[in-house]
Each structure stands twice: as structure tokens, then as C-alpha cells.
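Please read the structure below before turning to the comments.
Taken together, the values in this text are just the output of simple stated rules run on the coordinates, not laboratory data. Note that this is a predicted model, so its numbers are computed, not measured. Neighbour counts run over all protein chains shown; Cβ positions are idealised from the backbone, glycine included.
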Amino acid sequence: MVSPREVMNIKEASDYLGISPDTLYRYVYNDRIPAFKLGNRWKFKKAILDRWIERKIVQGKNRRRRAKG
């Protein structure tokens, strides 16, 4: 498997995240995921996506703890 590039396009980022490009576009347009435009194309920086994923994991764990308590 090819390692993800530091800056990814929609297809590469959706593959990396395991979601469809349509879902990723929806996340971008609803400001649910960090992205930036380069020209007229959406781009995703791998390091920022990795931090975003880690925050989502922590938020999910905190939500589950509150629901149990």
C-alpha cells in the first residue's frame, strides 16, 4: 500500500479516512473537517487530519463516559 502524501486531494483523503468522497465533501461544506482550497480544489494536510482524528477519538470516549455516569 502506498503511504499517504502530506497534502492529499479529496480522493486520497477519503481513502485515508475510509469514507466516500461524497461524505468528505459534505464534511468540508459543513465545516466538520479541516481542509483548505488550493486553486479551486480542496486539499487536506495529513498531520492536521491525524490530529482531528485523535480529537474525535477523545471526544467519543468522553461522551461514552458521561453517558455511563
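For this structure, a couple of remarks:
- Ranked packing of 35-45, 13-23, most packed first, by mean Cβ within 10 Å: 13-23, 35-45
- Here the dipole of the chain is about 500 debye; that uses its Cα centre as origin and unit charges on the Cβ of Lys and Arg (positive) and Asp and Glu (negative).
- Against the main long axis of the alpha-carbon atoms of the chain, helix 46-68 sits at an angle near 20°.
- Value of relative contact order over the chain, rounded to a whole percent, pairs C-alpha under 8 Å and six or more apart: 32
- Furthest towards positive pole of dipole, TRP52, LEU24, PRO4, structure part the chain, Cβ charges: TRP52
- Net lengthening on full extension, GLU6/ARG64 (0.36 nm per residue, minus Cα-Cα): 17.7 nm
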